[in-house]
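Novice: Below you will find the structure I want to go over with you.
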């Protein structure tokens, strides 16, 4: 009798399981429970920030747990990408005019526009360069055959370089020697590889590379007032605002100063 009862019990349990009455599994994390997923910001930035911004980005990542990737290039070309709807979270331009034009077109959040630094230009050469260039007039030397600047058609540092050479009365005389690069970082690379004898580049890049360089007087060109903003097409606008504020915060300002930028509110060096 006991054996029959045991067998009958097994049949009942099997029948219940077949009909879907099996015991529920142990509860897992509910789909409604909040899960913190790191986001990745896309920052389009002027090429002169190629050393400073990644350093700032590393600190921000450590503090927030989020990630940031940089699209570095010519400010004019980056602005065109934003005009065409590129999903950019923060735009850091080498000249405020590009951000102001985007603002006028209603493509950035006006309350996020802010100056973050003023750039400086240098005459840069390799350490082993046999040509001595200490001042602008040295560019006229016969042994100086090629001089690189960023393309002034879309690169703010190229515009400033042209203004410098015009102020010094050298623009026309140097036309046969000039080599135009897409952005100020590529300008530096031309000199680093020996493709040109000297380059007019950003101080922020010169400080991050071995070489010999001389700072060009700021009085010879219009101020390179650099401005940032959060585009309205930003995929992560709140985090983008956070990162933009971080650049102009205490930690960001120290790094910008480290790479030779004059900070907002400070007097420009002659």
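The values are calculated or read from the model by the stated rules, or taken from the named source; none is laboratory data. None of the values given here were measured: they were computed from a predicted structure. For neighbour counting, all protein chains shown are included, and Cβ atoms are generated from backbone atoms with ideal geometry for every residue, glycine included.
Novice: Could you please find all residues in segment 98-119 being over 10 Å from residue 229 (Cβ atoms) and without any contact (Cβ under 8 Å) to a residue 12 or more places away in the chain?
Specialist: Across segment 98-119, the qualifying residue is only 104.
Novice: Ok, one more. Counting residues that are modelled with pLDDT of 95 or more, closer than 29 Å to residue 167 by Cβ and within 21 Å of the chain's Cα centre (by Cα), which strands (runs of 3 or more DSSP E) fully inside segment 191-266 reach at least 1?
Specialist: 198-202, 224-229
Residue by residue, here is whether (1) in contact (Cβ under 8 Å) with a residue 40 or more places away in the chain; (2) farther than 24 Å from residue 97 by Cα holds:
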residue: 135; (1), (2): yes, yes
residue: 172; (1), (2): no, yes
residue: 201; (1), (2): yes, no
residue: 229; (1), (2): yes, no
residue: 242; (1), (2): yes, no
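Novice: Out of curiosity, is residue 270 assigned to a loop (DSSP other than H, G, I, E, B), modelled with pLDDT under 95 and touching a strand residue (DSSP E or B) at 6+ places or on another chain (Cβ under 9 Å)?
Specialist: Criteria not met by residue 270.
Novice: Take the conditions within 21 Å of residue 97 (Cβ to Cβ) and surrounded by fewer than 21 Cβ atoms within 10 Å (Cβ to Cβ) and apply them to residue 217. Does it pass?
Specialist: No; evaluated as a whole, the condition is false for this residue.
Novice: Being assigned to a helix (DSSP H, G or I) and touching a helix residue (DSSP H, G or I) at 6+ places or on another chain (Cβ under 8 Å) is the filter; apply it to segment 175-190 and report the residue that is surrounded by the most Cβ atoms within 10 Å (Cβ to Cβ).
Specialist: It comes out as 184.
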